[in-house]
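Asks: Have a look at this one before I ask anything.
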Amino acid sequence: MPRIAYVNGRYVPHADATVHIEDRGYQFADGVYEVCEVARGYIVDMTPHLDRLDRSLRELRISWPMSRKALEIVMAEVIRRNHVENGMVYLQVTRGVAPRDHYFPAANTAPAIVVTAKRIDPHASATKAQAGVKVITLPDNRWERVDIKSVGLLPNVLAKQKAREAGATEAWFIDADGKVTEGASTNAWIVTSDGTLVTRPAEHGILRGVTRTTVMDVAAKLGLKVEERAFTVEEALKAKEAFITAATTLVMPVVAIDDKPVANGHPGETALSLRAAFFDVAEKTQA
Ligand code: PDD
């Protein structure tokens, strides 16, 4: 069964799913994206993901490619056509197709939209969480507007590949003050000795992760305190636990940073209980 994508108004097999060579996403990374988890047939936290898409589009002055309601229908249809019960739905909107020129194209240029979905084995992620993952650290060399979920991800791609080559899963970016900003595709957290969750404020330097926000709700439900402040790698190494969050990754324990163990080098209880309670707290929309 071929995978089906939605591309600018049509549902097409991936083999035929193409965009124009002068799509501004291709030429300038002039576009934004969202990744939503699909779990047990539900789209997880669709409302906050589409709210963030709206914000990213507004920040870049790109208009919606269709109404929000229509996009919700397309997302559900792509999930249905690909028989995704567990996995993800990806959407990308660019400023559209126009002769290459840095200036914005004519006002009547239609934004381009692609929606894809794929299956992910939920057991693989659960097994990974039981073992925990390793991270490396790298200087944060990204632009200042990482709050926008732009498809311009070259520093993230290079960081992630470096992590893989070092036998790790994720790279944590470090700012000029020696504080952790976030992972290349995840938000970063620690749990202090008194059980407080610590994560960087989302006002500056990080993407406001949807999973991050839901984990705060999960923490409230479990009676855990959350402190929004930056932390150093030294503090993370001395912490009781560390973990990362993102759509589909959910809450993933971090057991080593730059090959040094976090606490006893095993996944922490807090991370695993946040992970276990996540689905109950998150918004679920039938796909
Ligand atoms: N990444 N920070 C960065 C830089 C990210 O790319 C992501 C998500 C997050 C977590 O955001 P959320 O909880 O809303 O998924 C934080 C997605 C999953 C990706 O690029 O594939």
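Asks: When you scan the stretch 167-200, how many residues do you find that are out of contact with any Gly (no Cβ under 7 Å at 6 or more places or on another chain) and more than 8 Å from the ligand (Cβ to nearest atom)? So that I can check it myself, show each step before the final result.
Replies: Taking the stretch 167-200 first, the residues out of contact with any Gly (no Cβ under 7 Å at 6 or more places or on another chain) are 167-169, 173-174, 176-180, 182-186, 188-190, 192-200.
Subset that is more than 8 Å from the ligand (Cβ to nearest atom): 167-169, 173-174, 176-180, 188-190, 192-200.
Residues flagged as out of contact with any Gly (no Cβ under 7 Å at 6 or more places or on another chain) and more than 8 Å from the ligand (Cβ to nearest atom) within the stretch 167-200 amount to 22.
Asks: Sticking with this one: Since Tyr103 meets every condition but one in (1) free of Cβ contacts under 8 Å to residues at least 40 places away in the same chain; (2) aromatic (Phe, Trp, Tyr); (3) in a strand (DSSP E or B), which condition does it not meet?
Replies: Single failed check for Tyr103: (3).
Asks: Taking the stated definitions as given, is Ala271 surrounded by fewer than 16 Cβ atoms within 10 Å (Cβ to Cβ), more than 30 Å from Lys69 (Cα to Cα), more than 17 Å from the chain's Cα centre (by Cα) and assigned by TED's automatic domain parsing to the domain that holds Ile148? Spell out the reasoning first.
Replies: Details: surrounded by fewer than 16 Cβ atoms within 10 Å (Cβ to Cβ): no; more than 30 Å from Lys69 (Cα to Cα): yes; more than 17 Å from the chain's Cα centre (by Cα): yes; assigned by TED's automatic domain parsing to the domain that holds Ile148: yes.
Criteria not met by Ala271.
Asks: Exactly one of these conditions fails for Val157: (1) of a type outside the set (Phe, Trp, Tyr); (2) closer than 25 Å to Asn8 by Cα; (3) within 12 Å of the ligand (Cβ to nearest atom). Give me its number.
Replies: (2)
Asks: Within the stretch 188-210, track down each residue that is open to solvent by 10 Å² or more (accessible area, probe 1.4 Å) and among the polar types (S, T, N, Q).
Replies: Thr192, Ser193
Asks: Considering only the stretch 60-72, I want to know if a residue exists there that is in contact with a Pro (Cβ under 7 Å, 6 or more places away or on another chain), open to solvent by 60 Å² or more (accessible area, probe 1.4 Å) and away from the ligand (no atom under 16 Å from the Cβ). Talk me through it step by step, then tell me what you get.
Replies: Within the stretch 60-72, the first condition is being in contact with a Pro (Cβ under 7 Å, 6 or more places away or on another chain), and the residues that meet it are 62-63, 65.
Filter again for open to solvent by 60 Å² or more (accessible area, probe 1.4 Å), leaving 63.
Next, from what is left, pick out any that are away from the ligand (no atom under 16 Å from the Cβ): 63.
So far as the stretch 60-72 goes, yes, one or more of its residues are in contact with a Pro (Cβ under 7 Å, 6 or more places away or on another chain), open to solvent by 60 Å² or more (accessible area, probe 1.4 Å) and away from the ligand (no atom under 16 Å from the Cβ).
Asks: Which of the residues that make up the stretch 237-246 are closer than 27 Å to Ala124 by Cα and surrounded by fewer than 24 Cβ atoms within 10 Å (Cβ to Cβ)? Lay out the reasoning, then the answer.
Replies: Initial filter on the stretch 237-246 (closer than 27 Å to Ala124 by Cα): 237, 239-246.
Residues satisfying the conditions are Leu237, Ala239, Lys240, Ala246.
Asks: Select from the stretch 58-96 the residues that are within 15 Å of Met46 (Cβ to Cβ) and in a strand (DSSP E or B) and list them in ascending order.
Replies: Gly87, Met88, Val89, Tyr90, Leu91, listed by residue number.
Asks: Could you grab me the full set of residues in the stretch 74-114 that are surrounded by 13 or more Cβ atoms within 10 Å (Cβ to Cβ) and acidic (Asp, Glu)?
Replies: Step one: filter the stretch 74-114 for residues surrounded by 13 or more Cβ atoms within 10 Å (Cβ to Cβ), giving 74-82, 84-98, 104-105, 109-114.
Of everything in the stretch 74-114, those that are surrounded by 13 or more Cβ atoms within 10 Å (Cβ to Cβ) and acidic (Asp, Glu) turn out to be Glu77, Glu85.
Asks: Here's a follow-up. How many residues, within the stretch 263-275, are more than 16 Å from the ligand (Cβ to nearest atom) and either in contact (Cβ under 8 Å) with a residue 40 or more places away in the chain or not aliphatic (A, V, I, L, M) (or both)?
Replies: The initial filter retains those residues of the stretch 263-275 that are more than 16 Å from the ligand (Cβ to nearest atom), namely 263-270, 272-273.
Retained after the next criterion (residues that are either in contact (Cβ under 8 Å) with a residue 40 or more places away in the chain or not aliphatic (A, V, I, L, M) (or both)): 264-270, 272-273.
Here the count works out to 9.
Asks: Another one. Could you please find all residues in the stretch 201-255 being more than 15 Å from the ligand (Cβ to nearest atom), in contact with a Phe, Trp or Tyr (Cβ under 9 Å, 6 or more places away or on another chain) and in a helix (DSSP H, G or I)?
Replies: Val233, Ala236
Asks: Just wondering, is there one or more residues in the stretch 44-57 that are open to solvent by less than 60 Å² (accessible area, probe 1.4 Å), outside the structural domain of Leu153 (by TED's automatic domain parsing) and more than 19 Å from the chain's Cα centre (by Cα)? Steps first, please.
Replies: First, the residues of the stretch 44-57 that are open to solvent by less than 60 Å² (accessible area, probe 1.4 Å): 44-50, 52-54, 56-57.
Filter once more, keeping what is outside the structural domain of Leu153 (by TED's automatic domain parsing): 44-50, 52-54, 56-57.
Add one more test, that the residue is more than 19 Å from the chain's Cα centre (by Cα), and what stays is none.
Checking the stretch 44-57: not a single residue is open to solvent by less than 60 Å² (accessible area, probe 1.4 Å), outside the structural domain of Leu153 (by TED's automatic domain parsing) and more than 19 Å from the chain's Cα centre (by Cα).
Asks: Inside the stretch 249-263, can you point out the residues that are touching a strand residue (DSSP E or B) at 6+ places or on another chain (Cβ under 9 Å) and open to solvent by 40 Å² or more (accessible area, probe 1.4 Å)?
Replies: The answer is Asp258, Asp259, Pro261, Ala263.
Asks: Still on this structure, I have one more. Select from the stretch 142-156 the residues that are hydrophobic (A, V, I, L, M, F, W, C) and touching a helix residue (DSSP H, G or I) at 6+ places or on another chain (Cβ under 7 Å) and write down the one among them that is most open to solvent (accessible area, probe 1.4 Å).
Replies: Here is the first cut: in the stretch 142-156, the ones hydrophobic (A, V, I, L, M, F, W, C) are 143, 146, 148, 151, 153-154.
Now drop any that are not touching a helix residue (DSSP H, G or I) at 6+ places or on another chain (Cβ under 7 Å), which leaves 148, 151.
Numbers: Ile148: 9, Val151: 33 Å².
In this case the residue turns out to be Val151.
Asks: Tell me which residues, restricted to the stretch 221-236, are out of contact with any Gly (no Cβ under 9 Å at 6 or more places or on another chain) and either outside the structural domain of Gly132 (by TED's automatic domain parsing) or surrounded by fewer than 22 Cβ atoms within 10 Å (Cβ to Cβ) (or both). Please lay out each step first, then the result.
Replies: Taking the stretch 221-236 as the starting set, the residues that turn out to be out of contact with any Gly (no Cβ under 9 Å at 6 or more places or on another chain) are 221-223, 226-229, 231, 235-236.
Answer for the stretch 221-236, where residues must be out of contact with any Gly (no Cβ under 9 Å at 6 or more places or on another chain) and either outside the structural domain of Gly132 (by TED's automatic domain parsing) or surrounded by fewer than 22 Cβ atoms within 10 Å (Cβ to Cβ) (or both): Lys221, Leu222, Gly223, Val226, Glu227, Glu228, Arg229, Phe231, Glu235.
Asks: Could you list, in sequence order, all residues of the stretch 146-168 that are in a helix (DSSP H, G or I) and either without any contact (Cβ under 8 Å) to a residue 12 or more places away in the chain or not small (Gly, Ala, Ser) (or both)?
Replies: Within the stretch 146-168, the first condition is being in a helix (DSSP H, G or I), and the residues that meet it are 154-165.
Leu154, Pro155, Asn156, Val157, Leu158, Lys160, Gln161, Lys162, Arg164, Glu165, listed by residue number.
The values are calculated or read from the model by the stated rules, or taken from the named source; none is laboratory data. Because the structure is predicted, anything quoted here is derived from the model rather than measured. A quick note on method: Cβ atoms are made from the backbone with ideal geometry, for glycine too, and the neighbour counts reach across all protein chains shown. In case anyone asks, the SASA skips ligands and DNA or RNA and just uses the protein heavy atoms, side chains included. Shrake-Rupley method; radii C 1.70, N 1.55, O 1.52, S 1.80 Å.
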